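Contents: one structure, followed by commentary.
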Amino acid sequence: MADTDHPPLIDPLAAARWHATAPAKAPWLHEEVARRMQERLQWMRAAPATWCHWEPVRGGLQAHALINQRYPHAECVVVETVPGHAAVAREALAQPWWRPLRWRAPKTRFALPAPGSVQMLWSNMALHLQADPQALLAQWLQALAVDGYVMFSCLGPDTLHELRMLYAELGWPPPSHAFTDMHDWGDMLIAAGFAEPVMDMERITLTFATPERLLQELAELGRNLHPQRFAALRGRRWRERLCAVLAQKLADPRHGGQLALSFEIIYGHALKPAPRVRMQPQSHISLQDMRALLGAGPPVKSRVNSLSMI
């Protein structure tokens, strides 16, 4: 972690602009990561009575359906901070009035969760686009009930490794902002007040038939939020040169000559602990509270997976 205890710098104005103008649909990679993340819910011992889906339109509406199938009796609080995305979420997730047995279906509310009101908060592929992720972590902690947990995913620092090397070789500014390491996310979770963070990662390789398709996918995933990114407009000839270089440098014989890009996916999970009891010069503490104080959890765990997907 840097001396400032902050993640890699992101231009806050550019981040806010992308957040407000991002397409109201989830890229394919977001849905795939969400599908893999929901499989990790099988390790959770207790089903949440109420869970919060943080910005599901970009995070993945297909995954929302999978979580509903896993927890059919749980209520859901949906948070969308962009008005256009909120309208899409309401249309996709609200129960139609004419649906049979609608009155027996779990509630879906569209609002910020009340403090301490949810047992699980789910956020897919959002943190790496936050200029101030610590503030968002604090907001999530406040929404969770004691012993509730957060489940999140985001991009890690090895993402776009091939593209970064290519830009550096050509002397161009970085093609994207830097991404935070999973161990730093664990540190930030603890600093925010979470307990027992468990960080996991895997690498996914995406392949593309043409440079144009590759650039289209990157445009759907996000924007370059690096403070020192190229500030002027690029011309047509520059794009033609970029496509030519991509076709030459990123062609991978292991994937039939298609263009290959790596994405590091980080998964995080952490609990909201019970508040600690502050000891006064003279104070009394119950046996139950003493047992809770002594029941410290295990240290941060990490697990590394590596896989490839064509």
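The values are calculated or read from the model by the stated rules, or taken from the named source; none is laboratory data. Bear in mind the structure is a predicted one, so any value in this text is a computation, not a measurement. Positions of Cβ are generated from backbone atoms using ideal geometry, with glycine treated the same way; all protein chains shown enter the neighbour counts. SASA here: full protein model, heavy atoms, side chains in, ligands and nucleic acids out. Shrake-Rupley method; radii C 1.70, N 1.55, O 1.52, S 1.80 Å.
Looking only at the stretch 23-39, filter to residues that are over 12 Å from ASN124 (Cβ atoms) and of a type outside the set (A, V, I, L, M, F, W, C); which one of those is least open to solvent (accessible area, probe 1.4 Å)?
Out of the qualifying residues, it is PRO23.
A quick yes/no check of all residues on (1) among the hydrophobic types (A, V, I, L, M, F, W, C); (2) in contact with a Cys (Cβ under 6 Å, 6 or more places away or on another chain); (3) without any contact (Cβ under 8 Å) to a residue 40 or more places away in the chain:
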| position | (1), (2), (3) |
| --- | --- |
| PRO115 | no, no, yes |
| SER123 | no, no, no |
| LEU137 | yes, no, no |
| LEU141 | yes, no, no |
| VAL146 | yes, no, no |
| ASP158 | no, no, no |
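Wholly within the stretch 127-241, which helices (runs of 4 or more DSSP H) include no fewer than the required count, namely at least 3 residues that are among the small types (Gly, Ala, Ser) and over 26 Å from TRP51 (Cβ atoms)?
By residue number, no helices (runs of 4 or more DSSP H) qualify.
Of the conditions (1) modelled with pLDDT of 85 or more; (2) of a type outside the set (Ser, Thr, Tyr); (3) in contact with a helix residue (DSSP H, G or I) (Cβ under 7 Å, 6 or more places away or on another chain), VAL300 fails just one. Which one is it?
With respect to (1) modelled with pLDDT of 85 or more; (2) of a type outside the set (Ser, Thr, Tyr); (3) in contact with a helix residue (DSSP H, G or I) (Cβ under 7 Å, 6 or more places away or on another chain), VAL300 is out only on (1).
Determine whether THR210 is hydroxyl-bearing (Ser, Thr, Tyr) and surrounded by fewer than 20 Cβ atoms within 10 Å (Cβ to Cβ).
yes
Would you be able to tell me the number of residues in the stretch 125-144 that are open to solvent by less than 20 Å² (accessible area, probe 1.4 Å) and farther than 21 Å from ASP11 by Cα?
Selection size over the stretch 125-144: 3.
In the stretch 219-248, which residues are surrounded by fewer than 18 Cβ atoms within 10 Å (Cβ to Cβ) and touching a strand residue (DSSP E or B) at 6+ places or on another chain (Cβ under 9 Å)?
ALA247
In this structure, does ASP252 turn out to be closer than 19 Å to CYS154 by Cβ and of a type in the set (Asp, Glu)?
Here the answer is no, as ASP252 does not meet what is asked.
Report whether or not MET279 is within 26 Å of ALA195 (Cα to Cα), part of a loop (DSSP other than H, G, I, E, B) and either at pLDDT below 95 or not hydroxyl-bearing (Ser, Thr, Tyr) (or both).
yes
Is it fair to say GLY257 is on the phi > 0 side of the Ramachandran plot and at pLDDT 85 or above?
Answer is yes for this residue.
I'm trying to understand the selection: among the residues of the stretch 32-78, which are touching a strand residue (DSSP E or B) at 6+ places or on another chain (Cβ under 6 Å) and free of Cβ contacts under 8 Å to residues at least 12 places away in the same chain?
none
Mind listing just one residue for me: the one in the stretch 163-176 that is under 14 Å from LEU250 (Cα atoms) and within 22 Å of the chain's Cα centre (by Cα) and, of those, least open to solvent (accessible area, probe 1.4 Å)?
Filtering first and then ranking leaves LEU163.
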